[in-house]
Amino acid sequence: MSRTDLPRCVMPAINFKGGTGKTTVAIAIAEGICHLFRKRVVIIDCDFQCSASISLLGRKALNDLIIRDATLDCQVQRLAGQETPTRLGAAAMKTRHCVEEAAELLYLLPASPDMPRRERQILSAYLAGGDIDLAYERASTRIAELFRSLLDDFDFVIVDCPPGLTLFSEGAIRAADGLIIPTLPNEISFAAIDHLRTEIARTRPDRSLEDLLIGTVISKLRQRNGGEHHRQQVRSIETLLDRAAPGFQILKPYLPFCRELETTTWRDDEIGLVSFGNRYGQLAAMIEQLVQEFATRCRTLMRRRHSKAKVAQPSSLGCQSSPI
């Protein structure tokens, strides 16, 4: 299998619509990077539903971290008001239920059900002047700095974003080198991407969605009736993309609705580490192919951006460690 160098990146998995497979895609790509490229990867779980954290740590371990205020939101709240550069990497922990190829490579910053409340407390630290919009900008910029500081300790950062816009997902957008957008094969899910485009224009005036987009992953394709339903869904996707200028840069292969992927985010505490092949079963080769294409696009995007940076002064994003 040919291998592509994987540049250091902060890469949110994001879609403002819920249920599009963000957590499943984030974990599959993270484990695939560890498996194929032997890179140190950290997943930032920004979703208060905690699906990635439960999957990779187990519910009991996560509950213990929540009790000890050792989750991502607590760490960010402690570091948010500090003026000096601070690294978040020390708070990342090894995952317990990853594939065995990722056992010493995959780390996690866990989420908490208290994240919405904690976001308000973080925001209050920046409200001295009473300007809520400025406070939100300063807080999300600080979160972006902390997310990018992880590149000092890890080769790749994947952010599992919540549905909708939150302080943490805005921080992820500000920190992003690129974006991966999981989506369902229907027009409602595609419409949510237009909302994301608007928020990127607001928070990243130096970049458009198309500048940041690594690719859109179509997930949960159902194959029924001898495959005809599947073919109809694929034709529907292509029709939607033909109408959606300038396109969504689809990452192939499409991911089907199947047991292996649906159980990715529900792993048994009693089962030890299993191999990548056993975890993903019949889809292992498909996930490997997706990760290889993802890595190729990351490399292409970063090379293009480096080339542009040589002939133009990079703009400031307000972050001390800004994406290229």
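The values are calculated or read from the model by the stated rules, or taken from the named source; none is laboratory data. No experiment lies behind these values; they were computed from the predicted model shown. For neighbour counting, all protein chains shown are included, and Cβ atoms are generated from backbone atoms with ideal geometry for every residue, glycine included.
Let me confirm something: among Ala191, Ala176, Ala172, Ala144, which residue is of a type outside the set (D, E, K, R) and surrounded by fewer than 23 Cβ atoms within 10 Å (Cβ to Cβ)? Show your work before the answer.
Details: Ala176 fails: surrounded by fewer than 23 Cβ atoms within 10 Å (Cβ to Cβ); Ala172 fails: surrounded by fewer than 23 Cβ atoms within 10 Å (Cβ to Cβ); Ala144 fails: surrounded by fewer than 23 Cβ atoms within 10 Å (Cβ to Cβ).
It is Ala191.
Scanning the range 54-95 for residues that are of a type in the set (A, V, I, L, M, F, W, C), more than 20 Å from the chain's Cα centre (by Cα) and at pLDDT 95 or above gives Leu65, Ile66, Ile67, Ala70. From the list Leu72, Leu88, Leu62, the one residue that fits, being more than 20 Å from Thr23 (Cα to Cα) and buried (at least 19 other Cβ atoms within 10 Å of the Cβ), is Leu88.
Out of the range 211-232, which residues are farther than 17 Å from Leu255 by Cα and either at pLDDT 90 or above or part of a loop (DSSP other than H, G, I, E, B) (or both)? Explain how you work it out, then say what you get.
Taking the range 211-232 first, the residues farther than 17 Å from Leu255 by Cα are 211-213, 225-226.
Selection gives Asp211, Leu212, Leu213.
Taking into account only those residues within the range 8-25 that are modelled with pLDDT of 95 or more and in contact with a helix residue (DSSP H, G or I) (Cβ under 7 Å, 6 or more places away or on another chain), which is surrounded by the fewest Cβ atoms within 10 Å (Cβ to Cβ)?
So the residue we want is Arg8.
Scanning the range 281-312 for residues that are of a type in the set (A, V, I, L, M) and either surrounded by 15 or more Cβ atoms within 10 Å (Cβ to Cβ) or part of a helix (DSSP H, G or I) (or both) yields Leu283, Ala284, Ala285, Met286, Ile287, Leu290, Val291, Ala295, Leu301, Met302, Ala309, Val311. Closer than 21 Å to Arg148 by Cα, modelled with pLDDT of 90 or more, among the aromatic types (Phe, Trp, Tyr) and in contact with a helix residue (DSSP H, G or I) (Cβ under 7 Å, 6 or more places away or on another chain), is that true of Phe294? So Phe294 passes the test.
State which residue is farthest from Gly32 (Cα to Cα) when the search covers only the range 98-111 and only residues that are surrounded by 23 or more Cβ atoms within 10 Å (Cβ to Cβ) and of a type outside the set (A, V, I, L, M, F, W, C). Going through the qualifying residues, I end up with Pro110.
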